[in-house]
């Protein structure tokens, strides 16, 4: 008799037909690296599926390249991409996560979990699989376990933005939602992944998860990802936004959110411009997508931007997949700023470290996840989160001499690449093989 196969399913809102966030980068990189990762699964044979909420493909976030890549990888592994209906009907990609005027955010999260569980139940009932292993990425799919009907479906929830680490306008409601979802997950015998030591501590201290209930899926970077291919005409990317090519550039990229510290960067740059009259020809480039931003924070950012003339600052509010790599590698870029107040895992710090031009200096807020990656690396300097005056002073010093006087104290590592502990293939191979083996041994 032919041995039954297993299935591996990834649930995610980003990284399957879009790529605009750190979550999307991790998810997309997983699919790119899947053939390498699955070799760690031993003799187990898996079909590969990707489930993502349906949305209007005329949306600016839609990427045919990403969808084609993920679809091809799934089909090569006897699976496919499956679109999930939700309460928002997919009128826009942002509504797939946050709902709309008629569908509150938690109702949308619940509808996505119900839809995902329904498709998983069908896959179990009709697919003839021995076991189905599922990675449920982030809050949207936190409550899938509540609606699972079949014992051969094994879930691992992967939280990327735990409310106990972040602090924004929805966190009080989100904390309760997470607690309820985690209780249901663990009661039903499923697992929860941690992306960093900070995440693991939060799951243990705030949600009282035990070691045996957790899966190590330490975040990392896939250096061979197609996301990191430099476009042939890289200067056209700069020209698209009228970014000056005759001035030193200061660069940062992050969602327009309080957690990302965009206001701190703007305040520091305004102070630098006012107080460094002999050294103020630098130009600030902020890639700051605002589609999920709250209005009050967007208003604050626009107000700060209004204090800088267009010749001093370029603010880009639509995500551009190519821009970060192009600017990081550009020889006129002198400084990258990572100003997050909170991060579950600082993927941007890995990207900055791996792909920066040798002239680029990295300034980062002194938070645990950035320190873990950047502490001791050449041409880096931490600053206190929210202390924009300290950051302004560092900008002045760095732009005056390209950071040489600061860097002398910090040249403890010559490598420009992240440590091996941030290798995504290695980390996912280890974590997922343990996840699979736990259920193979106990069932």
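The values are calculated or read from the model by the stated rules, or taken from the named source; none is laboratory data. Bear in mind that the values here come from a model prediction, so they are computed numbers and not experimental data. Heads up, the Cβs are rebuilt from the backbone with ideal geometry, glycines too, and the neighbour counts pull from every protein chain shown.
Looking at the range 258-279, can you tell me whether even one residue there is surrounded by fewer than 16 Cβ atoms within 10 Å (Cβ to Cβ), free of Cβ contacts under 8 Å to residues at least 60 places away in the same chain and not in a helix (DSSP H, G or I)? Scanning the range 258-279, I find at least one residue that is surrounded by fewer than 16 Cβ atoms within 10 Å (Cβ to Cβ), free of Cβ contacts under 8 Å to residues at least 60 places away in the same chain and not in a helix (DSSP H, G or I), so the answer is yes.
The set of residues from the range 81-93 being touching a helix residue (DSSP H, G or I) at 6+ places or on another chain (Cβ under 9 Å), in a loop (DSSP other than H, G, I, E, B) and on the phi < 0 side of the Ramachandran plot comprises 85, 86, 87, 88.
Considering only residues that are crowded, with 21+ Cβ neighbours inside 10 Å and under 18 Å from residue 348 (Cβ atoms), which ones fall in the range 382-393? Passing the criteria: 383, 391.
Taking the residues in the range 299-317 that are at pLDDT below 95 and out of contact with any strand residue (DSSP E or B) (no Cβ under 9 Å at 6 or more places or on another chain) as candidates, determine which candidate is surrounded by the most Cβ atoms within 10 Å (Cβ to Cβ). It comes out as 310. Residues in the range 39-68 that are within 22 Å of residue 6 (Cβ to Cβ) and free of Cβ contacts under 8 Å to residues at least 12 places away in the same chain: 43 only. When the range 244-256 is filtered for residues that are buried (at least 22 other Cβ atoms within 10 Å of the Cβ) and not in a strand (DSSP E or B), the ones remaining, listed by number, are 254, 256. For the range 50-69, taking the residues that are assigned to a loop (DSSP other than H, G, I, E, B) and over 19 Å from the mean Cα position of the chain (by Cα), the one that is surrounded by the most Cβ atoms within 10 Å (Cβ to Cβ) is identified as 55.
Among the residues making up the range 215-226, those that are out of contact with any strand residue (DSSP E or B) (no Cβ under 6 Å at 6 or more places or on another chain) and crowded, with 20+ Cβ neighbours inside 10 Å are 218, 219, 221, 222. Screening the range 183-206 for residues that are free of Cβ contacts under 8 Å to residues at least 40 places away in the same chain and within 23 Å of the chain's Cα centre (by Cα) and picking the one that is nearest to residue 328 (Cα to Cα) gives 194. Among the residues of this structure, residue 124 counts as one that is without any contact (Cβ under 8 Å) to a residue 40 or more places away in the chain, in a helix (DSSP H, G or I) and either assigned by TED's automatic domain parsing to the domain that holds residue 256 or surrounded by fewer than 24 Cβ atoms within 10 Å (Cβ to Cβ) (or both). For the condition surrounded by fewer than 22 Cβ atoms within 10 Å (Cβ to Cβ), modelled with pLDDT under 95 and outside the structural domain of residue 432 (by TED's automatic domain parsing), residue 206 does not qualify. Between 360, 336, the distinction of being surrounded by 17 or more Cβ atoms within 10 Å (Cβ to Cβ), out of contact with any helix residue (DSSP H, G or I) (no Cβ under 6 Å at 6 or more places or on another chain) and modelled with pLDDT of 95 or more belongs to 360 only.
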